[in-house]
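What follows is calculated from the coordinates using simple rules that are stated; it is not laboratory data. These numbers were taken from a predicted model, which means no experiment stands behind them. As a convention, Cβ positions derive from the backbone with ideal geometry for all residues, glycine included, and neighbour counts pool all protein chains shown.
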Amino acid sequence: MKILYLTFYFEPDIGPGAFRNTTLVRELSRQLGPTDAIHVITTQPNRYQSYKPAASDYEEWQEGGCPVTIERVSVPTHKSGKLDQVRSFWGYFLAAHRLTRQHKYDLVVASSSRLFTALLAAIVARRDGFAPRKQSIPLFLDIRDLFREVMLEMHKNPLIRVGLNWFLGVVERYTFGCATHINLVSEGFRDYFLPFAQATYSYFTNGIDDLFLTSPNSSEIPNSRCKTILYAGNIGEGQGLHTIIPQAARQLGNGYRFIIFGNGGATRKLDAALRAENVRNVELYEPVSQAELIAQYQQADYLFVHLNKLDAFARVLPSKLFEYGATNKPIIAGVSGYAASFVRQHLPNHILFTPGDVVDLVRQVRETPYYTAMRTDFRTQFRRQAISQAIARQVLKTLDNKGHRQSTTPKHATL
C-alpha cells in the first residue's frame, strides 16, 4: 500500500501545520508495515522569510514500520501577502503534479488551512478531474481553517466578494465533495460541512508537542517587577494585533510590557499603529524555534492570543491555545464563539475578553489577581502524540472501509 501525503508545511519549518503533519507522518509510519510506503510532498521552509532552516530536497526516513520518502519543493519567496502566497502555492501545485504523475497511490491524505492543498489532493485522487467517485482514490482531508469564509469577510469590495464567493464555492464543492473522510480541527466547523454528507467525519484538534510537555515549570515571578505579556506566532489580518496591542500597551503603561515573536502580512500595520500610539513598551522579534520559544514562555508573565473581529473566527480554534495551555502561565485570550467556549471549558486561569475591545482587556488585566497553575488535565487530554495516534488510526480505517488495505498490515496502535 502506498499513501500520498500532501502538506504545504513540514519540518524543519515551524508553525502548527509543520508540527502537526510531521508528527502524524511519523505515527502513520509506525502503524504501517515494511511493505507499505508514505510519499510526502511538501515545501522548503517558507512560513517566515526570516526563519529558513536548511532542508534537503529529497529525504528518506526509516523510523517506523514503513519507509517514508519526503520531497521538498522550492517555492517563490513571499512576504505573506495574498499575491505572494498565490505564487508560492502555484509553484507547489505544479511541482506536486509533476512528482506524482508516475506514481500509483492507494490513499491520498492532505492537511490544509487555505483550501488549495486540499484541492490539489482532490485532483490527484480523481486524476482526470471528473471521474465517477467509484473510480477515485480514497481521499482523507484534515481541514484546519475555513478559507472561503475568512476571505469573504476580509474583502469589503462587493464585486470582489461576489467573484470570490463564486470561485471559492466551486473549489469547495469539488474538493470536499471528493473526500472519503474529513477531519475538522474545530467542532465549530461542524455545521459548515453538512452539505458534504458523502464523507465521514472526525474532530481531532491540534495538540501539545512533547517539547512543551517535558519542559520544566517556571516559578512564579514576584509582583513587583514589570509584567510581560507575550505573543508568538503569525502577525496577519486574522490575528489583528494592530487593532488591540498598541492601544492596550499605551493604556496599561510602564507596568506592563508586550513581547511579540513573529512575522506576517500585517507586521507593517502593527508597526504603524505602535508609532501612532507612541508606545515604548512593545518589543517585536523575529520568529524563533520551538526550543527558544519555550524559554521565552517561561520568562513571561502572561501568554496572549487574539483573533480579529470576524464572524468566521467564531468557528475557529487557535492552535496557539494548545502551546499556551501546556504552561502554568495565565492566558489572555481575545477570542469568541467556539474558541471562547473551549477556553472556559479546558483552560483554567484565563482572562477572556471580547476581540478588539481594548477597554475590556485592560480592565481585566488590572483587576484579575495574578497566579500560576499547571493545567494537568489539559496536558493529559491534548497530547500531540495521542491525537496523532488517533488520527493515524482513522486514516487507516478510511482505507480499510474502501477495501484498499491488505489484512496483513500490522494492527493499529491504541490510544
| remark: Expected vector for segment 325-340, Karplus 3J(HN,Hα) from phi with 6.51, -1.76, 1.60 and θ = phi - 60°, integer Hz, x for Gly and Pro, equals x, 6, 8, 9, 8, x, 9, 9, 10, x, 9, 9, x, 4, 4, 5
| query | DSSP beta bridges in the chain, what fraction antiparallel, as a percent rounded to 5? | reply | 10
| Residues with amide H under 5 Å of residue 332's amide H, sequence separation 5 or more or different chain, H placed in the peptide plane at 1.01 Å from N; which? | 303, 304, 305, 351
| request: Please give the helix 82-100 orientation as an angle from the longest Cα principal axis of the chain, in degrees from 0 to 90, rounded to the nearest 10. | output: 30
| task | Could you list the trypsin sites (Lys or Arg not before Pro) in segment 1-104 that lie in coil according to DSSP, counting only those with at most 15 other Cβ atoms within 10 Å of their Cβ? | result | 79, 101, 104
| remark: Calc'd 3J(HN,Hα), segment 153-162, phi into Karplus 6.51 cos²θ - 1.76 cosθ + 1.60 (θ = phi - 60°), Hz, glycine/Pro = x, comes to 6, 6, 9, 8, 5, x, 5, 5, 4, 4
| query | Mean residue ellipticity at 222 nm from the helices of the chain, using -39,500 (n - 2.57) per DSSP H segment of n ≥ 4 over the full residue count, to the nearest 500 deg cm²/dmol? | reply | -11500 deg cm²/dmol
| query | Check residue 263: other-chain or 5+ apart residues with amide H under 5 Å from its amide H, H built from backbone geometry? | reply | 233, 235
| the chain: most fluctuating residue of 93, 167, 304 per GNM, C-alpha cutoff 10 Å | 167
| field | Residue-by-residue Karplus 3J(HN,Hα) for segment 225-233, coefficients 6.51, -1.76, 1.60, Hz, glycine and proline x | value | 7, 5, 7, 9, 10, 10, 10, 9, x
| note | Taking the dipole of the chain about the Cα centre (Lys, Arg +1; Asp, Glu -1; charges at Cβ), the one of 141, 199, 295 that reaches farthest to the positive side is 199
| query | Can you list the residues, at least 5 places off or on another chain, whose amide H is less than 5 Å from the amide H of residue 107, using H built in the peptide plane? | reply | 2, 4
| request: Would you work out which of 162, 251, 365 lies farthest towards the positive end of the dipole of the chain, given +1 charges on the beta-carbon of Lys and Arg and -1 on that of Asp and Glu, about the Cα centre? | output: 162
| field | Projected label distance in nm at residue 159 and residue 367, using a 7 Å step from Cα toward the beta-carbon | value | 4.8
| Just how large is the dipole of the chain about the Cα centre, in debye to the nearest 20, putting +1 at every Lys and Arg Cβ and -1 at every Asp and Glu Cβ? | 660
